[in-house]
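Scroll down for the structure; my scribbles are underneath it.
What follows is calculated from the coordinates using simple rules that are stated; it is not laboratory data. This one's a predicted model, so the numbers in the text were calculated from it and none came from an experiment. When we count neighbours, we look across all protein chains shown, and the Cβ atoms used for this are built from the backbone with ideal geometry, even at glycine.
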């Protein structure tokens with residue numbers, strides 16, 4: 001006789017699904033400890049596929065009154081979320097959630113419902129409310145908000161970090177040498193990480209003043225490719241760099257149609273190794289070291305390790321979702337991103353093809369000319385269906 005403990009965990013919910021009598025379900029739940037424990041680890045199936053949230057229009061735009069434009073590229077459906085202001089106050093979440101910052105509250109963009117957490121610090125509230133701010137919630141509940149200022153060159157990054165247990169405010173988070181559109185920022189394990197098209201800057205809480213730090217780490221080399229966009233996301237507790245690449249020799253014009261020349265690569269970032277490498281680089285810059293320090297090994301190729309996940313690369317933050325949660329509707333081992341054109345296009349790259357095959361998923365409607373769109377998992381309020389009593 002086969003014991004329940006010998007059955008695979010994924011089979012136990014199937015058995016429970018065939019128990020129609022409530023008393024049978026209760027008995028099965030009581031005696032099957034393995035099944036009861038497995039319930040905690042079953043992935044939560046999202047009700048809807050991810051949507052894109054466009055940057056807010058300018059106040060004089062004729063479409064401003066319609067509200068923020070949202071689009072599901074899988075069904076090619078567009079929706080306007082009205083009533084939450086005009087300026088862009090998007091707040092991205094590490095797990096694909098999204099909110100708008102309105103009156104000190106984080107508000108669901110589709111329902112208007114406010115989240116439980118709120119910001120009661122005027123200084124931090126001003127940072128979040130500042131036009132052009134990037135606002136990102138990390139996996140540990142930390143909120144990073146920052147702005148890029150063109151000091152010509154490099155770009156200067158100013159911002160603030162708010163943690164559930166304490167608040168740490170920085171006036172300056174560092175520099176970046178590329179266009180702001182190509183940069184990504186994230187908070188990870190006590191440090192702010194910024195990447196542009198060629199470099200990585202790391203600023204640790206409690207470390208040296210960011211304004212005094214002049215060193216940086218190079219991004220991983222991509223032979224025969226040109227990096228067009230850099231994205232940061234969290235997966236299994238690691239910080240990943242996802243790069244949208246284009247074959248060398250291609251142009252990056254708005255009307256460029258080199259779809260088959262786009263690709264995506266993914267690397268894991270070792271924060272501890274990066275901080276150690278930066279210490280060595282700082283010592284070399286200060287003259288304490290004799291010659292150049294060894295090249296730091298802080299990047300690990302991860303394309304093949306994302307086979308069970310789907311990556312959604314966007315602005316201001318990207319995220320990964322288990323492909324199994326979509327029941328085969330979205331293939332695993334792939335990445336979706338928005339390419340710059342007029343209007344913008346959405347592409348998918350499959351890592352099963354070494355990330356080299358870019359497939360056109362959707363051409364966005366007229367007026368979607370800004371590629372800085374944010375992917376998010378919609379969580380609308382759906383009223384329960386109450387059957388009529390007889």
Among 148, 48, rank each residue by its count of other Cβ atoms within 10 Å, from fewest to most, as a rough exposure measure.
48, 148
Among 98-104, 323-329, how do they line up from the highest to the lowest mean number of other beta-carbon atoms within 10 Å?
98-104, 323-329
What order do you get for 225, 89, 301 when you list them from fewest to most C-beta neighbours inside 10 Å?
301, 225, 89
Quick one: 261, 90, fewest Cβ neighbours within 10 Å first, how do they rank?
261, 90
